[in-house]
């Protein structure tokens, strides 16, 4: 019988783009490595890849599956019921060609508007999709694929950089106005800021919109925020948590000195989301902060659980 590895500490060295070792998955989902292995063996929920040394590597899709199972367990389902529900949902999604066609059509419509620098066209499109779908779905199915396509075409198109800037500027203004238009809620306050060096705040804006839909109040500080000032903001606003977000690696000094100092100074939990929380999960945890992952709805679920503790 093949022996299960007692530790998968070196799996990070073997992990490629888009796959995560079991320690990272455990921290992002709150499900222990022992439980993840049990779900794999007993229920066939997970089919991780294996490195040459035998360590498990999980895809982003499998991480989403785990997060969905956790949601169902929180609703009172047993693990066997949750496993059946997840398989059923995924089978329905696989059969739903119409659903994929809808998002493909939205993306084509958005790209046409961007190519023509059609602000009114983009406005109409996002008015429609944000009235029909949650912010998390719009982010994954529409915003991120468009940003990836525009980024890949920077050098290939005569106005590639201008197109990406146009789309980002429109969306930033639109989401910011939508967030301000909601007014102050009555729930816990979240101080939300981008990591040092991070100049793209679209993901953070979408997170704040989704958070306010759940009753939180967001104090949005925007891109490239100096962490040294966040403790004062948290104190004055009566915040329940500080949320940091970024896709750009802020560097070793941030994780070794700046983030631990912030965690020590503030009186509330510090959370780190977006891509950095996935690529640097261990560094975030060692600094005393909580990694949220890069999907909005599961991140909000994890935030709610931690704030209840």
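Since every read-out is calculated from the coordinates, none of them should be taken as a lab result. Just so we're clear, the structure is a prediction, and the values are computed from it rather than from any experiment. Cβ placement follows ideal geometry from the backbone for every residue including glycine, while neighbour counts extend to all protein chains displayed.
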Checklist entry - Can you put 264, 301, 119 in order, fewest other beta carbons within 10 Å first? => result 264, 119, 301
Item to check | Cβ-derived FRET efficiency at R0 35 Å, residue 91 paired with residue 228, nearest 0.05 | outcome: 0.10
Checklist entry - For the residue pair residue 154 and residue 42, what label-to-label distance in nm results when each label sits 7 Å from Cα along the Cα-to-beta-carbon direction? => result 4.8 nm
Checklist outcome for this item: The residues 164, 198, sorted from fewest to most surrounding Cβ atoms within 10 Å, come out as 164, 198
Next on the checklist: Which residue fluctuates most in the GNM of the chain (Cα springs below 10 Å): 64, 128, 163?
Outcome noted: 128
Checklist entry - Once label points are set 7 Å from the Cα along Cα→Cβ at both residue 235 and residue 118, what is their separation, rounded to one decimal in nm? => result 5.2 nm
Checklist outcome for this item: Dividing the mean separation of Cα pairs under 8 Å (6+ apart) by the residue count of region 11-95 yields a relative contact order in percent of 27 percent
Checklist entry - According to a simple spin-label model (label point 7 Å from Cα along Cα-to-Cβ), what is the distance in nm between residue 264 and residue 79? => result 4.0 nm
Checklist outcome for this item: Length-normalised contact order of the chain, Cα under 8 Å, at least 6 apart, in percent, tallies to 13 percent
Next on the checklist: Helix-only mean residue ellipticity at 222 nm, the chain, DSSP H runs n ≥ 4 weighted -39,500 (n - 2.57), per residue, nearest 500. What is it?
Outcome noted: -17000 deg cm²/dmol
Checklist entry - The list (1) -0.50, -0.62, -1.47; (2) -0.63, -0.76, -1.27; (3) -0.60, -0.70, -1.23 gives values of log10 I(q)/I(0) by the Debye sum over Cα atoms at q = 0.09, 0.10, 0.16 Å⁻¹, and only one came from this structure; which label was calculated from it? => result (1)
Checklist entry - So how far, in whole Å, is the C-alpha centre of region 239-289 from the one of region 207-223? => result 18 Å
Checklist entry - For residue 253 and residue 306, what is the calculated FRET efficiency with R₀ set at 35 Å and r taken between the beta-carbons, to the nearest 0.05? => result 0.85
Item to check | Modelled FRET efficiency - R0 51 Å, residue 32 with residue 108, Cβ distances, 0.05 increments | outcome: 0.75
